[in-house]
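Reading through the structure tokens given below for one structure.
None of the figures in this text is laboratory data; all of them are computed from the coordinates on show. In this text, all values refer to a predicted model and were calculated from it rather than measured experimentally. Cβ coordinates were reconstructed from backbone atoms using ideal geometry, including for glycine residues, and neighbour counts include every protein chain displayed.
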Amino acid sequence: MGDMNSPHPSAPDHKDSVASPSNSDPKNSSSDCGDNISSSHHRWDFDGLDPLTFEKHAGKSIPLYQEGHDLICDLSAFFTPESGSVLDIGCSTGRLLKSLVARHAHRKDLKFLGIDQSQTMVEWAESQSNDPRLKWSCEDINTAAVEKHDLIISYYTVQFVPPRLRQELINRLYESLNWGGALILFEKVRGPDARFQDILTQLYTDYKIKQGYGAEEIINKTQSLKGILEPFSSQGNLDLMKRAGFVDITTVQRYLCFEGFLAIK
């Protein structure tokens, strides 16, 4: 799902923005996070987002967002054997999964499944696709029963999973992969120490300003994600995957505090 300043899981969908109550009552307030997105009670909520607004916001606020989609489509050719299966957790609007389906249009033997816990996102994804190879499911990936797959994708999703549940989730994803299959994990990451974290934070703030976001919007977005978006460092993510059983892991994309990993079982 779904960074967002940061997926989906879940990452992370049919209104112009999240409801925007009056700011006069702190118990019933909202804050402008940019792109006509307001966080009700100053807390980020994927289920209150309009799908098209979400895509626009993600594309602006996550560096190399579309390039990451393109790279995953290229990588998928290595992990889609005959009668293979692809899973996208935190699929949000389903844009990435639909790109994969289009990339493999000639492969009628493949199956694709998108999971997201936002009903709005799943309904939108279903309404925008009619390929019989593509299925959608509205579930919490932390409790969903995951069958065997050859490729599992988490595009800025795990960072939204509570840290106490994260290792168990990666363990389950490892066990759900067929031998030789792969996990593609994209995450916002923390710096390895305080100095690097400070540099990355300042550079990412500069990036958002260049994208047209104002200081108040940037601050509101950051505040809305408190306790919701919890990035690990690059090493922290590597440790999650290694403890799950992955041995062959490499970075396939990196820009500031955003990193994509490829882990092969």
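If only the Cβ of Lys and Arg carry +1 and only the Cβ of Asp and Glu carry -1, the dipole of the stretch 50-98 around its Cα centre is close to 180 debye.
Label-to-label distance, Lys242 versus Ser83, with points set 7 angstrom from Cα along the beta-carbon direction: 3.7 nm. Here the residues Glu123, Glu175, Glu187, Glu55, ranked from fewest to most Cβ neighbours within 10 Å of their Cβ, fall in the order Glu175, Glu123, Glu55, Glu187. Taking θ as phi - 60° and the Karplus parameters 6.51, -1.76 and 1.60, the scalar couplings of the stretch 147-164 work out to 7, 6, 9, 9, 9, 10, 10, 10, 9, 6, 10, 4, 4, 9, 7, x, x, 5 Hz in sequence order, x denoting glycine and proline. Among the trypsin sites (Lys or Arg not before Pro) in the stretch 206-241, those located in a DSSP loop and surrounded by at most 11 other Cβ atoms within 10 Å of their own Cβ are Lys226.
Counting other Cβ atoms within 10 Å as a rough exposure proxy, the listed residues Met121, Met241 run Met241, Met121 from fewest neighbours to most. Once both labels are positioned 7 Å from their Cα atoms along Cα-to-Cβ, the gap between Leu64 and Asn171 label points is 3.2 nm.
Neighbour counts of C-beta atoms inside 10 Å place Ser61, Ser92, Ser99 in the sequence Ser99, Ser61, Ser92, starting with the fewest. Here's the list of lysines a cross-link from Lys242 could span, going by alpha-carbon distance under 28 Å and ignoring same-chain residues fewer than 8 apart: Lys111, Lys148, Lys188, Lys226, Lys265. Applying a DSSP loop filter and a limit of 15 other Cβ atoms within 10 Å to the trypsin sites (Lys or Arg not before Pro) in the stretch 122-158 leaves Lys148.
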